[in-house]
Amino acid sequence: MSTTEGSSLPRNLQPDDLMLTDECRELMGSLQSEKGWVLSSSTLYYLYQGFWYGALHMNGTLLTQRHFRSLDSDILLVTTPKSGTTWLKAIIFALLNRSCYSEPANRKLDHPLLHKNPHKLVPFLEVDIYTSKDPYPDLSNFNSPRLFATHIPLRSLPESVKDSKCKLVYLCRNPRDTFVSLWHFLNKLTHNETEMGIQALEGAFDMFCKGVSLYGPYWDHVLDYYKASLEMPHKVLFLKYEEMKDKQSEHLKRLADFLGCPLSEDEEANVGVDEILRLCSFDNLSKLEVNQTGKLELGLENKFFFRKGEVGDWVNYLTPEKIERLDRITEEKIGSSGLKL
Ligand code: PAP
């Protein structure tokens with residue numbers, strides 16, 4: 001299988017090595033393409049329905065569009081890559097399953113997050129579930145509510161997601177840190193696998209600004225979901241990484257209310273809330289053995305998903321000129337929407 005289970009990012013493989021459907025291969029031939037961030041002439045990004053994809057993600061997105069049937073009770077966590085997906089996967093998983101592990105009688109049970117990377121517990125639709133290996137996966141073993149993750153832009157979500165009452169939790173992160181985090185992640189990934197590396201920061205930054213990044217343009221991705229959250233607040237909850245970091249308990253409560261599993265008075269009086277936040281914290285998850293030494297499928301290392309986990313690391317990488325350029329684009333693209341990033 002040529003997927004990167006648990007990863008939102010493509011492996012640096014030759015397209016011919018990838019397991020792609022005929023539909024995807026045919027489509028790729030007709031789409032605008034650009035050299036990707038990875039330093040391999042054959043690793044292209046394709047512009048599909050207004051957003052840039054690596055071949056594997058497009059393949060998975062097409063399969064998801066064709067075959068995923070959403071249930072009213074489903075929960076979808078949606079992000080652009082590197083917006084804090086791993087963290088929110090852990091938090092929502094812990095929130096939904098809290099009664100299984102926090103009841104006094106169950107206290108001895110080991111929490112799955114202590115032994116499994118969040119990407120193993122909350123799969124990506126278009127990366128882990130819908131792959132060429134099995135276009136018709138059996139989802140009957142998922143407990144209700146089913147919890148999935150995706151990076152698919154709003155306009156490309158399967159019709160059933162839009163038509164059903166399923167809920168979407170969208171997490172965004174400021175573009176400066178998102179870019180820096182993505183650049184580091186791809187560096188680790190490609191050096192690890194091919195020793196080829198990716199574009200130097202300059203080149204990658206230029207591409208990010210032009211919208212050519214995985215599931216980019218970043219701003220369009222964020223803005224579409226932001227507008228949807230204003231139009232359908234019962235269906236789309238829009239969260240920001242920075243605000244979650246700042247007021248964790250408050251956002252956990254918001255999430256629980258939105259997902260229909262509100263915190264009890266006892267839980268709110270902090271025991272439950274603190275437990276979940278501590279369990280899912282960067283400090284805790286990044287030090288666990290599974291996340292230091294474990295691997296997802298095909299060798300993608302769990303530790304790649306834990307770098308600094310901070311707000312504002314961009315200051316160490318972006319010059320004032322780059323910041324000015326990024327801020328200008330942000331203002332142009334989303335300034336009038338009222339959204340502040
Ligand atoms: P994905 O979209 O490819 O799944 P994602 O989890 O969004 O990746 O990105 C990883 C980022 O989240 C890393 O940010 P950094 O590069 O700026 O450090 C990672 O450190 C951060 N992260 C992972 N786990 C946590 C956590 N528990 N709390 C806060 N940030 C976290």
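Here are some notes:
- Take the Cα radius of gyration of the chain and divide it by 2.2 N^0.38 Å, N being the number of residues; the result is 0.96.
- Each residue of the stretch 22-39 was assigned a 3J(HN,Hα) from its phi angle through the Karplus expression (A = 6.51, B = -1.76, C = 1.60, θ = phi - 60°), giving 4, 4, 5, 4, 5, 4, 3, x, 9, 9, 5, 10, 9, 4, x, 6, 7, 7 Hz with x at Gly and Pro.
- Note on residue 27/residue 323: beta-carbon distance plugged into 1/(1 + (r/R0)^6) with R0 of 30 Å gives a FRET efficiency of 0.20.
- Remark on residue 240: its backbone amide H falls under 5 Å from those of 172, a criterion applied only to residues 5 or more positions apart or on other chains, H modelled at 1.01 Å from N.
- Between the stretch 166-188 and the stretch 27-94, the alpha-carbon center distance in angstrom: 13 Å
- For the stretch 163-245, the average shadow cast by the Cα convex hull is 7.0 nm², which is a quarter of the hull's surface.
- Unit Cα scatterers, Debye sum, the stretch 225-341: log10 I(q)/I(0) for q = 0.09, 0.15, 0.17, 0.19 Å⁻¹: -0.40, -1.01, -1.14, -1.17
- Highest mobility in the GNM of the chain, judged by mean-square fluctuation with C-alpha springs under 10 Å and restricted to 299, 260, 60, is found for 260.
- Note on residue 210: lysines with a C-alpha under 17 Å away, same-chain residues under 8 apart excluded, are 35, 322, 333.
- The listed residues 278, 155, once ranked by accessible area (1.4 Å probe) with the largest placed first, stand as 278, 155.
- The figure for residue 163 is an accessible area of roughly 120 square angstrom, using a 1.4 Å probe on the protein chains alone.
- With 5 Å bins from 0: P(r) over the stretch 195-281, alpha-carbon pairs, percent: 3, 11, 15, 16, 14, 12, 12, 9, 6, 3, 0
- Element breakdown for the chain at a 1.4 angstrom probe: carbon and sulfur atoms account for 49% of the accessible area.
The values are calculated or read from the model by the stated rules, or taken from the named source; none is laboratory data. All of these numbers come straight from a predicted model, not from anything done at the bench. We place every Cβ from the backbone using ideal geometry, glycine too, and count neighbours over all the protein chains shown. These accessible areas exclude ligands, DNA and RNA; they are computed on the full protein's heavy atoms, side chains included. Shrake-Rupley method; radii C 1.70, N 1.55, O 1.52, S 1.80 Å.
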